[in-house]
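Novice: If you scroll down you'll find the structure; I have some questions about it.
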Amino acid sequence: MKVIGKNNAIFYFDVQNKPRASVKLNEEFWVKTNDCYFGQIQSKDDLRPNIDDTLKNAATGPIFVEGVQPGDFICIEILDIQLNSYGVMITSPGHGILGDLITEPDTKIIPIKKNKAIFSDKIHLTVEPMIGVIGVSSISRIRSTFPGDHGGNMDVKDIKSGSKVYFTANVEGAGVAVGDLHACMADGEISGSGIEIAGRVKLRVSKVQGFNVNVPIVETEKELMVIASEENLEKAIRKGVILACKLLQEFLDINFPDAYRLVSISCDVKICQVVNPLVTIRVCVPKSLLKFK
Ligand code: CA
Ligand code: ZN
């Protein structure tokens, strides 16, 4: 099986980027990924103020998917996520929601053993591997620290093994790129990071009919999630709900007031992250409601 190395790192999602690897439609392949600090944090003595921020949130790619044309809708299946043997978490002044209460930088190295994150001698958490950064080449050049309609740094904890993520391709071959794995992360990503970790992911890309909404869609076992990123929560929720209504109207052939009511009674609105340059939310539409698959 093809393995795409993490030396193929990009720091911008941009249609001008040259493809670094190519795969066929429906081919399974592995992608190796750097952690979000590009390996600059190796021990507890590596502190945040001393790292190069321009190397943050590298994504491996772009991966050219043969047979994909601009405007095509693609589905990226997450088949597996394998993590390195340790992850890192840093806190530092100004970082995350309570950054004003942090007085000095501090780095924590977190070993991963047998599917447990060893947070301390007494605190062991079950790992829930997820992908922080995933997307396709963007028409305007966008830093890999940003989330957006192209995907990028969305930090959606439901982008995990078994999930599918849908995007509209902006360029021939789509230019898929992926990075920023987390061993654990809670909704909000409050301190500014999950357990940041390198690793590799097994993917398969197919061409699908699509949903006629121009934002990433995440499919889990029970839900289709509309992912919306904006400068604040209110704007992100508004954008996500407008698109969820559009999705419901299309699937169910109903008017806008009914779609609006259905969002209100059956679609949870959840925070993904509130610490990146734009915040991200998801509107979770039950597949049973849409009679989807
Ligand atoms: Ca991230
Ligand atoms: Zn991350």
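Novice: For Lys113, which lysines qualify as cross-link partners when the Cα separation must be under 26 Å and same-chain residues fewer than eight apart are set aside?
Specialist: Hits, sequence-local ones excluded: Lys6, Lys32, Lys44, Lys56, Lys122, Lys157, Lys160, Lys202.
Novice: Which percent of the accessible heavy-atom area of the range 221-290 goes to carbon and sulfur, probe 1.4 angstrom?
Specialist: Ligands and nucleic acids excluded, carbon and sulfur give 52 percent.
Novice: Roughly what angle does helix 233-252 make with the longest principal axis of the chain, taking Cα atoms, 0 to 90 degrees, to the nearest 10?
Specialist: 40 degrees
Novice: Using the Cα gyration tensor of the range 166-293, with a ≥ b ≥ c the square roots of its eigenvalues, what is the shape: rounded (a/c below 1.5), prolate (a/b larger than b/c) or oblate (neither)?
Specialist: Oblate, since a/c reaches 1.5 and b/c is not below a/b.
Novice: Pull up all non-local amide H partners of Ile110: gap of 5 or more, or a different chain, and H-to-H distance under 5 Å with H placed in the peptide plane.
Specialist: Close amide H contacts, sequence-distant or interchain: Gly87, Val88, Met89.
Novice: Would you work out the relative contact order for the chain, in percent, from Cα pairs under 8 angstrom that are 6 or more residues apart?
Specialist: So the answer I get is 23 percent.
Novice: According to a simple spin-label model (label point 7 Å from Cα along Cα-to-Cβ), what is the distance in nm between Gln16 and Ile102?
Specialist: Those two pseudo-labels are separated by 3.3 nm.
Novice: At 222 nm, what value in deg cm²/dmol follows for the chain if DSSP H runs of at least 4 each add -39500 (n - 2.57) and the sum is divided by all its residues, to the nearest 500?
Specialist: My calculation for the chain gives -3500 deg cm²/dmol from helical runs alone.
Novice: Report the Cα centroid-to-centroid distance between the range 85-136 and the range 140-172 in angstrom, as an integer.
Specialist: 22 Å
Novice: Here's a follow-up. May I ask you to derive the FRET efficiency for Ile190 and Glu66 from their Cβ-Cβ distance with R0 = 51 Å, giving the value to the nearest 0.05?
Specialist: Once rounded, the FRET efficiency stands at 0.80.
Novice: If I compute solvent accessible area with a 1.4 Å probe over the protein chains, what percent of it on the range 65-180 is carbon and sulfur?
Specialist: Answer for the range 65-180 is 51 percent, counting heavy atoms of protein chains only.
Novice: For the range 127-144, just list the computed ³J(HN,Hα) in residue order, Karplus coefficients 6.51, -1.76 and 1.60, θ = phi - 60°, integers in Hz, with x standing in for Gly and Pro.
Specialist: Karplus values, whole Hz, x for Gly and Pro: 6, 10, x, 8, 9, x, 10, 8, x, 10, 3, 9, 5, 9, 5, 10, 4, 6.
Novice: Could I ask something else about it? Where the centre of each part is set by its Cα atoms, how far does the range 1-65 sit from the range 250-293, in angstrom?
Specialist: Between the Cα centre of the range 1-65 and that of the range 250-293, the gap is 31 Å.
Novice: Translational D (Stokes-Einstein, µm²/s) of the chain at 25 °C and 0.890 mPa s when Rh comes from the Kirkwood sum over C-alpha pairs?
Specialist: Value of D from the Cα-based Kirkwood radius: 128 µm²/s.
Novice: Shifting gears a bit: If I compute solvent accessible area with a 1.4 Å probe over the protein chains, what percent of it on the range 6-51 is carbon and sulfur?
Specialist: C and S atoms contribute 45 percent here.
Novice: Here is a follow-up. Excluding same-chain residues fewer than 8 positions from Lys108, which aspartates and glutamates have a Cα within less than 12 Å of its Cα?
Specialist: Cross-link targets: Asp45, Asp46, Glu196.
Novice: Given a 1.4 Å probe, how much area per residue of the range 221-290 is accessible, in Å²?
Specialist: With the other protein chains kept in place, the range 221-290 gives 50 Å² per residue.
Novice: Residues with amide H under 5 Å of Gly148's amide H, sequence separation 5 or more or different chain, H placed in the peptide plane at 1.01 Å from N; which?
Specialist: The answer is Asn153.
Novice: Hey, what do the phi angles of the range 26-41 turn into as Karplus ³J(HN,Hα) couplings, whole Hz, using 6.51/-1.76/1.60 and θ = phi - 60°, x for Gly and Pro?
Specialist: Computed from phi, the couplings for the range 26-41 are 6, 7, 8, 8, 9, 10, 7, 10, 7, 6, 5, 9, 6, x, 7, 9 Hz.
Novice: To make sure I understand the rule: partners must be aspartates and glutamates, Cα under 16 Å from the Cα of Lys287, and not fewer than 8 residues away in the same chain. Which ones qualify?
Specialist: Asp158, Glu219, Glu221, Glu223, Glu250, Asp253, Asp268
Novice: Connecting C-alpha atoms closer than 10 Å in a GNM of the chain, tell me which of Asp268, Asp45, Asp121 has the biggest fluctuation.
Specialist: Top of the fluctuation ranking is Asp121.
The values are calculated or read from the model by the stated rules, or taken from the named source; none is laboratory data. Predicted model, so just to flag it, every value in this text is computed and none were measured. Ideal geometry is used to build each Cβ from the backbone, glycine not excepted, and the neighbour counts take in all protein chains shown. Note: areas computed on protein heavy atoms with side chains; ligands, DNA, RNA excluded. Shrake-Rupley method; radii C 1.70, N 1.55, O 1.52, S 1.80 Å.
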